[in-house]
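Peer 1: One structure, pasted below without further comment.
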Amino acid sequence: MRRCILSVAIFCLWLSFTLANTDDWSVAKSRHFIVHYKNAPGDFIEQLIEKSEYYYDKIADDLGFRRYDFWLWDNRAKIYLHDDAKAYQAATNQPGWSSGCAIMKEKVIHTFPYAKGFFETTLPHEMGHIIFREFVGFDNQAVPAWLDEGVASYQENIIYSMAHKLIAEAIAADKFIKLENLAKINPQLIKDDVSALLFYAEAVSIIDYLVKEFGKDNFILFCQNLRDKKDLERAISYVYPFRNIQELDRAWQEYLSE
Ligand SMILES: [Zn+2]
């Protein structure tokens with residue numbers, strides 16, 4: 001889940017979908033998604049499906065999960081497209097700024113048409129969480145928040161493109177957070193937006209470092225180890241040339257200073 005740190009968050013494939021009725025929701029289906037809607041405009045539903053399939057492919061590609069095509073048939077993700085912000089808030093109890101939310105384990109996303117920042121931020125972020133957690137385990141306590149949020153935010157163009165600059169500024173201002181300390185932060189409890197943004201930027205940067213320097217196959221292997229061993233340091237040291245978090249921290253900081 002993600003707090004609202006940006007009030008304005010910052011291939012076109014024609015998808016055919018089939019229509020059917022269940023209860024009072026109408027249903028539109030694509031390869032990996034089932035969209036439930038009531039009175040949402042058809043062109044928005046098409047756009048939603050197109051974007052969702054785009055991010056599904058992108059997330060699987062970016063992180064190396066491509067060979068595991070797991071959101072098929074009955075296992076498809078469900079998106080509930082409420083008629084408007086009011087209906088969305090009434091159904092989900094989300095605050096007024098919220099453009100969408102997800103129930104991870106059930107692979108369900110709620111939103112409403114034209115919600116601000118949904119396509120750019122909420123959709124890729126929540127899908128990133130779901131795909132990653134489905135792989136490493138929803139109840140896996142060994143997954144730190146920086147890893148969870150780093151993977152989820154990795155899909156957001158805005159935070160990804162800002163990360164390098166934000167980190168450079170933090171280093172210059174002596175505000176940079178070492179990985180050891182980043183691991184102690186619960187992003188839900190961060191009070192100010194500047195600190196929250198830095199947390200997400202650094203989390204994205206570590207994922208970027210691991211994927212770019214050591215490749216997607218190793219990242220998958222790392223995730224598999226984290227899933228099976230449920231031990232972060234063991235999963236890191238099994239795959240990467242670091243015996244512990246401190247060594248990863250040092251290597252990442254050296255990479256940043258290059
Ligand atoms: Zn999140």
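Peer 1: Going Cα to Cα from LYS230, which aspartates and glutamates come in below 12 Å? Please leave out same-chain ones fewer than 8 positions away.
Peer 2: Reachable aspartates and glutamates: ASP139.
Peer 1: State, to one decimal in nm, how far the label point of LYS58 lies from the label point of LYS178, with both points 7 Å from Cα in the Cβ direction.
Peer 2: In this crude spin-label approximation the distance works out to 3.5 nm.
Peer 1: Which of LYS51/LYS116; LYS105/LYS216; LYS29/LYS86; LYS29/LYS51 have a Cα-Cα distance over 21 Å? Could you put the intermediate results ahead of the total?
Peer 2: Working: LYS51/LYS116 15 Å; LYS105/LYS216 25 Å; LYS29/LYS86 25 Å; LYS29/LYS51 13 Å.
From LYS51/LYS116; LYS105/LYS216; LYS29/LYS86; LYS29/LYS51, over 21 Å: LYS105/LYS216; LYS29/LYS86.
Peer 1: Shifting gears a bit: Using a simple spin-label model with points 7 Å from Cα along the Cα→Cβ vector, what separation in nm is obtained for GLN47 and ASP83?
Peer 2: Modelled inter-label distance: 2.0 nm.
Peer 1: With +1 on the Cβ of every Lys and Arg and -1 on the Cβ of every Asp and Glu, and nothing else charged, how large is the dipole of segment 18-117 about its Cα centre, in debye rounded to the nearest 20?
Peer 2: 240 debye
Peer 1: Could you work out the percent of alpha carbon pairs in segment 162-258 separated by over 19 Å, rounded to a whole number?
Peer 2: 43 percent
Peer 1: For a Förster distance of 25 Å, can you work out the FRET efficiency between the beta-carbons of LYS229 and ASN186, rounded to the nearest 0.05?
Peer 2: Details: r = 24 Å, r/R0 = 0.94.
Calculated value: 0.60.
Peer 1: Given PHE222, ALA170, VAL204, which one lies farthest toward the positive end of the charge dipole of the chain, if we put +1 on the Cβ of every Lys and Arg and -1 on the Cβ of every Asp and Glu?
Peer 2: Positive-most Cα among the choices belongs to PHE222.
Peer 1: At 7 Å along Cα-to-Cβ for each site, give me the label-to-label distance between ARG66 and LYS212 in nm.
Peer 2: So the label points at ARG66 and LYS212 sit 2.0 nm apart.
Peer 1: What is the dipole size for segment 145-257, taken about its Cα centre, with +1 at each Lys and Arg Cβ and -1 at each Asp and Glu Cβ, in debye to the nearest 20?
Peer 2: With only Lys, Arg, Asp and Glu charged at Cβ, the dipole is about 240 debye.
Peer 1: Moving on. Which order do the peptides 147-155, 228-236 come out in when sorted by mean C-beta neighbours inside 10 angstrom, highest first?
Peer 2: The peptides rank, most packed first, as 147-155, 228-236.
Peer 1: State the percent of C-alpha pairs, over all pairs in the chain, separated by a distance greater than 22 angstrom.
Peer 2: Here the long-distance tail beyond 22 Å is 56 percent of all Cα pairs in the chain.
Peer 1: Go through 34-41, 196-203 and give me the packing order, highest mean Cβ count within 10 Å leading.
Peer 2: Ranked from most to least packed, the peptides come out as 196-203, 34-41.
Peer 1: Okay, next question. Under the classification rounded if a/c is under 1.5, otherwise prolate if a/b is larger than b/c and oblate if not, where does segment 18-117 fall, given a ≥ b ≥ c as square roots of the Cα gyration tensor eigenvalues?
Peer 2: Prolate shape, in that a/c is at least 1.5 and a/b is the bigger ratio.
Peer 1: Using a simple charge model, +1 on the beta-carbon of Lys and Arg, -1 on the beta-carbon of Asp and Glu, nothing else, what dipole does the chain show about its Cα centre, in debye to the nearest 20? Don't skip to the answer; put the middle values down first.
Peer 2: Numbers: 29 positive and 37 negative charges, 77 e Å.
Rounded to the nearest 20 debye, it is 360 debye.
Peer 1: Listing ASP74, ASP192 from the residue with the fewest other Cβ atoms within 10 Å to the one with the most, what is the order?
Peer 2: So the residues, fewest neighbours to most, are ASP74, ASP192.
Peer 1: Please give the calculated 222 nm ellipticity per residue for the chain, where each DSSP H segment of at least 4 residues contributes -39500 (n - 2.57) and the sum is spread over every residue; nearest 500 deg cm²/dmol?
Peer 2: That calculation yields -16000 deg cm²/dmol at 222 nm.
Values quoted throughout were computed directly from the atomic coordinates according to the rules given, and no laboratory measurement underlies them. From a predicted model like this one, the values you see are computed outputs, not experimental measurements. For neighbour counting, all protein chains shown are included, and Cβ atoms are generated from backbone atoms with ideal geometry for every residue, glycine included.
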